[in-house]
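Visitor: Submitted below is the structure of interest, expressed as structure tokens.
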Amino acid sequence: MVRDQIAKEQRRKRTMWISIAAVAALVIAGLIGWGIYAGSKTTDFTAPKGANAAGNGITTGNGPVVVDEYVDFLCPHCKTFHDEAAASIAQLAADGKITLVTHPVAYLDGASTNRYSTRASAASGCAAEFGKFTEFSNVLFDNQPAEGGAGPTDDDLIVLGRQAGLGEDFAQCVREKRFLTWTNHVSEEAGRAGVTGTPTVLVNGKPTQASAAQIAAAVAAANGANPSASTS
């Protein structure tokens, strides 16, 4: 009986230590995984003026319904969306019905020979810094290059900025690549939010077809469900 009790106690201790070791291994693996995840995030960035609280988009308007649009300045479908819907969306913001958050992602660097998506997004951050984000975005889409070749150089972007009413401060910002890390942050956060292509539009967090009519309908429905929404 004594030998049996000793053997049982030894088995119990072995089982306990094996369990402790397994739990410790899981904790260590979790910490390593978190370290890899945290290390992959761009934390050292400065968002331009006009950015939202998360620092991953530029806001226009202050209405009760939030419209998030994810666009790449090299994306042909984004240009089509912009040309068809930008004026309507801007009016919704001006009427106090929405807060528009534009996320200028850089998904298409591989479709140009000089990382145009990243540089255009960073330049749009410079435009936001000096109060001309919407104007500069309009100019970028009006002058969108074809995929597969070289997009506008930084000097070209500075010239385009002048068309949007931007001056030497903007030019210096572009030359310094001041918002390059911000662009990386915007793209990383879009990926974490599940955005895999552009244009992507969310109305109060719900995916919505990227068209003026569908966005207006979604905003109207959201406003109808919000007693404090503007009725203008």
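All of the numbers you see were taken from the coordinates with simple rules; none came from a lab. As the structure is a prediction and not an experimental result, all values here were calculated from the model. Every residue, glycine among them, receives a Cβ derived from its backbone with ideal geometry; neighbour counts consider all protein chains shown.
Visitor: Mind ranking 127-136, 204-213, 90-99 by how tightly packed they are, going by the mean number of other C-beta atoms within 10 angstrom, highest first?
Guide: 127-136, 90-99, 204-213
Visitor: Near LYS132, which aspartates and glutamates are there with a Cα under 13 Å away, not counting those fewer than 8 places off in the same chain?
Guide: Within the straight-line cut-off, LYS132 pairs with ASP169.
Visitor: Modelled label-to-label distance, GLU188 and ASP156, 7 Å Cα→beta-carbon offset: nm?
Guide: 2.9
Visitor: Full-extension gain between THR80 and ILE18, please, as 0.36 nm times their residue separation minus the C-alpha to C-alpha distance.
Guide: The THR80-ILE18 span can extend by a further 16.3 nm.
Visitor: Can you tell me the FRET efficiency between GLN172 and ALA90 if r is taken as the Cβ-Cβ distance and R0 is 41 Å, rounded to the nearest 0.05?
Guide: For R0 = 41 Å, the calculated efficiency reads 0.90.
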